[in-house]
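The values are calculated or read from the model by the stated rules, or taken from the named source; none is laboratory data. Everything numeric here is computed off the predicted structure, so don't read it as measured data. We place every Cβ from the backbone using ideal geometry, glycine too, and count neighbours over all the protein chains shown.
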Amino acid sequence: MVNVTTHSDSVPPAAKMLVARGAHIQSVNSLACEVIDRLASRARGTRRRDHLAVNGLASALLKLDGGREALRLVQGQLALGAEVERVYLEDMVGAVNQIGAAWERGDLSATNMTQCANRMVTLMHALSARADMRSPRLDLRAVLAPVPGEPHNLGVQMAADLMQRDGWQIELMLDRSQDQLLSDLSRCDSGLLGLSVTCDAGLGALAPLLTEIRVRRPDLRVLVAGQMMSDPEIAATISADATAGDYATARDRMLGLSRDLRAGVLHS
């Protein structure tokens, strides 16, 4: 298991991640945005192979076998040389997207969704356990958190795992109210914060949260990430140091903010 610092007592209850219907659908679609873009840019043969992997994983996550088939499929992909990032951003995100579409059609029950969420967390733990980690760098430190009001934590957990593979020291703050998050940020010594927002509830909570962060931690550099940030009109309204609509952009902009911190560059 990747050693991500977290103040959560345990893995967040799956029902909190995936059972709230409207918010769940928006969050699943956000998580799936990058896999759709990636699959569309690949050659036809590669696209068919990835599509089959996504279909297989989605079906396996619905089996009543405790997640064994899903784990076997993921381990098989890694054994064949698939990169962990590709398994996260294509296979797993694509499977979540398919399951979310089935939920939207009314084909799955709340119990099905809870089971799928638990199995997805198990897969994330399995990937973390076998990750090839770079040595942690003292100059790459950040806090990652979902904006209060977000319905699940899978996306920000994936980002934390992927960044730690690149040598980041990540403190993951999950399941916080705004007051709890602000209190923890006031006590932490990291100068960089990544916030994840994927739904209307999170977007509505973002503006007052950023205002309070500026009051309590004016030194903190803040990036807001999520598919909604791909809309330039929405991104332009966000009073953060940077925004990103996908993981690759978020990673690059976090690196830029980290360099600014070390160089003593003032907020823009």
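Quick notes on this structure:
- Per this entry, residue 160 is counted among residues that are among the aliphatic types (A, V, I, L, M), touching a residue at least 60 places away in the same chain (Cβ under 8 Å) and part of a helix (DSSP H, G or I).
- Within the option set 190, 183, being surrounded by fewer than 19 Cβ atoms within 10 Å (Cβ to Cβ), of a type in the set (Ser, Thr, Tyr) and more than 23 Å from residue 255 (Cα to Cα) holds for one residue only, 183.
- Verdict on residue 239 being of a type in the set (Ser, Thr, Tyr) and either in contact with a Phe, Trp or Tyr (Cβ under 6 Å, 6 or more places away or on another chain) or not in a helix (DSSP H, G or I) (or both): yes
- Restricting attention to the range 194-225, the residues that are among the small types (Gly, Ala, Ser) and closer than 21 Å to residue 169 by Cα add up to 3.
- Counted residues, the range 108-141 - those being at pLDDT 85 or above and buried (at least 22 other Cβ atoms within 10 Å of the Cβ): 0
- The range 229-239, residues that are touching a strand residue (DSSP E or B) at 6+ places or on another chain (Cβ under 9 Å) and either within 16 Å of residue 150 (Cβ to Cβ) or among the β-branched types (Val, Ile, Thr) (or both): 229, 234, 238
- Residues that are within 16 Å of residue 198 (Cα to Cα) and either surrounded by fewer than 16 Cβ atoms within 10 Å (Cβ to Cβ) or over 16 Å from the mean Cα position of the chain (by Cα) (or both) within the range 218-235 comprise 231, 232, 233, 234, 235, listed in sequence order.
- One residue alone among 195, 203, 209, 181 is under 14 Å from residue 148 (Cα atoms) and touching a residue at least 60 places away in the same chain (Cβ under 8 Å), and that residue is 209.
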